[in-house]
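Structure, as C-alpha cells:
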Ligand SMILES: [Zn+2]
C-alpha cells in the first residue's frame, strides 16, 4: 500500500495518505527523544519527531520547570530544532509517551505544527493518519494577519 518500513506502524483507519514516509524511523526518533525528557514533576515523558521537507529528521522532548506554567511540550523543543537547523517545513509527525504509545499534540502544539507545516502535513495519531487540517480545523495562521 505504501512505502512504510518496519517499526511501529500508524494505527489503522487513517483518512490521509502518508505514503513514502518512513514511519518506523520517525517512531524510533520520537522514542529516543522521550528518553531525554526532563519530567521530574509529572513523570510523563513525551517525545516527538518530524520529517522536514529537506529530508532531515528532527525531534523534541518535553521539559518541565519548577514554575509549572513555563513547561515546554516536546513540540516546542522540536520546532526550536527546526529553526536552529535552518528552518523548513514539516511533512510528517509522530509523538509518543514514555511507554511508546501514540499520543496527540495538545491544542497549543497543534498551532505550532500548523505554522511549521508543509502543505499536507500528516500526523500519526491514535485514530490513524490525519492531516493538520483535520487536527486543527479552521486554524488561525499567518494568512489571517
Ligand atoms: Zn503541547
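The values are calculated or read from the model by the stated rules, or taken from the named source; none is laboratory data. As the structure is a prediction and not an experimental result, all values here were calculated from the model. Note that each Cβ is placed from the backbone with ideal geometry, even for glycine, and that neighbours are counted across all protein chains shown.
Can you say whether residue 85 is more than 21 Å from residue 35 (Cβ to Cβ) and over 12 Å from the mean Cα position of the chain (by Cα), as far as the supplied structure shows?
In short, no.
Of (1) surrounded by fewer than 18 Cβ atoms within 10 Å (Cβ to Cβ); (2) within 11 Å of the chain's Cα centre (by Cα); (3) under 25 Å from residue 19 (Cβ atoms), residue 106 satisfies all except one. Which?
Going through (1) surrounded by fewer than 18 Cβ atoms within 10 Å (Cβ to Cβ); (2) within 11 Å of the chain's Cα centre (by Cα); (3) under 25 Å from residue 19 (Cβ atoms) one by one, residue 106 breaks only (3).
Considering (1) at pLDDT below 95; (2) within 20 Å of residue 135 (Cα to Cα), say which one residue 76 fails and leave the rest.
(1)
When you check residue 130 against the structure, is it modelled with pLDDT of 95 or more, more than 15 Å from residue 26 (Cα to Cα) and surrounded by fewer than 18 Cβ atoms within 10 Å (Cβ to Cβ), yes or no?
In short, no.
Can you tell me which residue in segment 77-101 is farthest from residue 60 (Cα to Cα), limited to those that are buried (at least 20 other Cβ atoms within 10 Å of the Cβ) and touching a residue at least 60 places away in the same chain (Cβ under 8 Å)?
Result: 91.
Since residue 111 meets every condition but one in (1) out of contact with any strand residue (DSSP E or B) (no Cβ under 6 Å at 6 or more places or on another chain); (2) buried (at least 22 other Cβ atoms within 10 Å of the Cβ), which condition does it not meet?
Residue 111 satisfies all of (1) out of contact with any strand residue (DSSP E or B) (no Cβ under 6 Å at 6 or more places or on another chain); (2) buried (at least 22 other Cβ atoms within 10 Å of the Cβ) except (2).
Restricting the search to segment 39-76, which residues are touching a residue at least 40 places away in the same chain (Cβ under 8 Å), buried (at least 21 other Cβ atoms within 10 Å of the Cβ) and within 19 Å of residue 117 (Cα to Cα)?
47, 48, 49, 50, 51, 74
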